[in-house]
1. Scan region 2-13 for residues that are touching a residue at least 24 places away in the same chain (Cβ under 8 Å) and more than 8 Å from the chain's Cα centre (by Cα) and jot them down.
2. Show the residue pairs that are 6+ apart or on different chains and have beta-carbon atoms under 9 Å apart, the first residue being within region 43-54 and over 10 Å from Ile18 (Cβ atoms), the second being aliphatic (A, V, I, L, M).
3. What do you reckon, is Ser40 without any contact (Cβ under 8 Å) to a residue 24 or more places away in the chain, assigned to a helix (DSSP H, G or I) and either closer than 22 Å to Arg64 by Cβ or of a type outside the set (A, V, I, L, M, F, W, C) (or both)?
4. Against the definition (at pLDDT 95 or above and either of a type in the set (Gly, Ala, Ser) or in contact with a helix residue (DSSP H, G or I) (Cβ under 6 Å, 6 or more places away or on another chain) (or both)), how does Ala55 come out, yes or no?
5. Within region 40-67, count every residue that is over 28 Å from Met1 (Cβ atoms) and either among the basic types (Lys, Arg) or surrounded by 16 or more Cβ atoms within 10 Å (Cβ to Cβ) (or both).
Amino acid sequence: MTFRQRCGLGFIIASFVIWGCILLLPLTRLPGVEQIMWGSVIYAVSYVFFFAGIALLGRETWTRIKSRVLRFFRSSRDESPPES
């Protein structure tokens, strides 16, 4: 894996960590309007990190990661009992 791809993967992981910080906002003593503002800022930053990571990874690597994730969710859905 090249340095560029490692950086891209790091950016994608960082985007999920940053996005998870939104869950900490209700625990702060900020007023509601400021929580909404900071939530929007955090979401936008995580969005930028995610797409920057995809750009650094390249189309081939991103397609491979996406197919693995989709395969994982399809297999877990196939193992569940059928609904009646």
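The values are calculated or read from the model by the stated rules, or taken from the named source; none is laboratory data. Being a predicted model, the structure only gives us computed values, none of them experimental. Counting neighbours? That spans all protein chains shown, and the Cβs are built from the backbone with ideal geometry, glycine included.
1. Arg4, Gln5, Cys7, Gly8, Leu9, Gly10, Phe11
2. Qualifying pairs under 9 Å: Ala52/Ile12; Gly53/Leu9; Gly53/Ile12; Gly53/Ile13; Gly53/Ala14; Ile54/Ile12.
3. Yes.
4. No: the conditions fail for Ala55.
5. The number of residues fulfilling the criteria is 1.
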